[in-house]
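The values are calculated or read from the model by the stated rules, or taken from the named source; none is laboratory data. Every value quoted in this text rests on a predicted model; they were computed, and no experiment measured them. Cβ placement follows ideal geometry from the backbone for every residue including glycine, while neighbour counts extend to all protein chains displayed. With ligands, DNA and RNA removed, areas are computed over all heavy atoms of the protein, side chains included. Shrake-Rupley method; radii C 1.70, N 1.55, O 1.52, S 1.80 Å.
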Amino acid sequence: MTNTIARRNVLVPAGIAAAVAAGALAFTLMGSSSPVVASPSRSTTTISAALTSYEGKAVDGFSIDKVPVGWDTLAADQGKLVLADKKASNQDPNEFPGKILVTVANEAELSTKSKTAKSVKVGDVTGSLDTFSDGDPRLWVPSGKYTLIFQLPDNLDWDTATIVEFAAGVHLTGTPEIAAG
């Protein structure tokens with residue numbers, strides 16, 4: 001992978017993030033004069049997009065069976081797949097908010113375990129679905145000797161069945177590049 005690719009979001013389970021936030025709040029309430037910095041506001045616009053057969057060009061690194069209606073690939077290589085709404089104002093494939101990002105998990109991401117993750121059946125394997133501190137759903141899906149991570153926008157109006165249907169149609173091809181994190 002080239003060095004020009006922006007780093008993906010750090011995968012921190014919501015429960016851990018809440019505990020850290022609670023600790024920071026307690027520290028602040030106990031007399032710290034450190035200012036509390038609010039996180040940037042998230043989009044409140046809901047994205048409703050049913051799945052449809054992928055009819056775009058073949059992409060490097062992945063095969064895709066279905067995509068959200070009106071969405072297409074922005075980038076695909078041996079390390080990542082980025083999908084976005086064709087009408088989205090931000091079409092930069094290295095900026096992931098509001099987009100679907102599929103990557104191959106690295107060692108650090110594989111060691112991130114959440115006690116709140118829900119097991120879901122994705123094709124012939126069992127994946128792990130969770131929501132992280134940034135509000136985005138994440139799905140880990142074993143793929144041969146690798147694990148794919150699906151990062152979905154928090155405002156994507158998909159239920160678990162739709163997330164699983166989409167993920168079941170994304171497959172690695174070739175030898176993937178694994179991001180440093």
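The figures follow:
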item	result
Whichever residue in region 152-181 is assigned to a strand (DSSP E or B) and hydrophobic (A, V, I, L, M, F, W, C) and, among such residues, is modelled with the highest pLDDT	Val170
The one condition in (1) more than 12 Å from the chain's Cα centre (by Cα); (2) surrounded by fewer than 18 Cβ atoms within 10 Å (Cβ to Cβ) that Val122 fails to fulfil	(2)
Among the candidates Gly123, Gly135, residue that is touching a helix residue (DSSP H, G or I) at 6+ places or on another chain (Cβ under 6 Å) and at positive phi	Gly123
All positions within region 63-114 that are in a loop (DSSP other than H, G, I, E, B), closer than 20 Å to Leu51 by Cβ and among the aliphatic types (A, V, I, L, M)	Val69, Ala88
Complete set of residues in region 88-119 that are among the hydrophobic types (A, V, I, L, M, F, W, C), more than 20 Å from Ala167 (Cα to Cα) and within 16 Å of the chain's Cα centre (by Cα)	Ala108
Gly61, sole failed condition from (1) open to solvent by less than 30 Å² (accessible area, probe 1.4 Å); (2) free of Cβ contacts under 8 Å to residues at least 24 places away in the same chain	(2)
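Every residue, every condition in (1) of a type outside the set (A, V, I, L, M, F, W, C); (2) crowded, with 19+ Cβ neighbours inside 10 Å; (3) over 14 Å from the mean Cα position of the chain (by Cα); (4) within 17 Å of Trp71 (Cα to Cα), yes or no:
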{"residue": "Phe132", "(1), (2), (3), (4)": "no, yes, no, no"}
{"residue": "Asp136", "(1), (2), (3), (4)": "yes, yes, no, no"}
{"residue": "Gly144", "(1), (2), (3), (4)": "yes, no, yes, no"}
{"residue": "Ile149", "(1), (2), (3), (4)": "no, yes, no, no"}
{"residue": "Asp154", "(1), (2), (3), (4)": "yes, no, no, yes"}
{"residue": "Asp159", "(1), (2), (3), (4)": "yes, no, yes, no"}
{"residue": "Ile163", "(1), (2), (3), (4)": "no, yes, no, yes"}
{"residue": "Leu172", "(1), (2), (3), (4)": "no, no, yes, no"}
